[in-house]
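Q: Take a look at this one; I'll ask things after.
Every number here is computed from the coordinates shown, using simple stated rules; none is lab data. Because the structure is predicted, anything quoted here is derived from the model rather than measured.
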């Protein structure tokens, strides 16, 4: 999908990310040290790069089959990086929807905050 920031990078929080054994692509969601982040540029296996840990407006993948209203809390499934407004075990709270999205929509704009999860799934 790639990184789709709708806010200037200067309005976002970023940090260095030491990648593990598998390469990650721009736009992928990663978890490290009780924090979620979205990869800015492709990072090769065992290399370092930058992740966004807060973005006022960013477009991310959305689970199909769920309708999300503007203002809904969203949770990310780190296995595929898609968000939903339904929190279940293995999904991490990552912000709220800044726009509405229908059930067939595959992306959504959210305010992303990788610090919300504190390493535990918050369910509704």
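Q: For the chain, what relative contact order do you get, as a whole percent, if you take Cα pairs closer than 8 Å and at least 6 residues apart?
A: Answer for the chain is 25 percent.
Q: For Rg/Rh (Cα atoms, Kirkwood Rh), several values are listed as (i) 0.92; (ii) 0.94; (iii) 1.01; flag the one computed from this structure.
A: Checking each listed value against the structure points to (ii).
Q: Considering the convex hull of the alpha carbon atoms of the stretch 58-113, report its projected area averaged over all viewing directions, in nm², one decimal.
A: In nm², the orientation-averaged hull projection of the stretch 58-113 is 3.1.
Q: When the Cα centres of the stretch 50-91 and the stretch 1-46 are compared, how far apart do they sit, in Å?
A: Comparing the Cα centres of the stretch 50-91 and the stretch 1-46, I get a distance of 15 Å.
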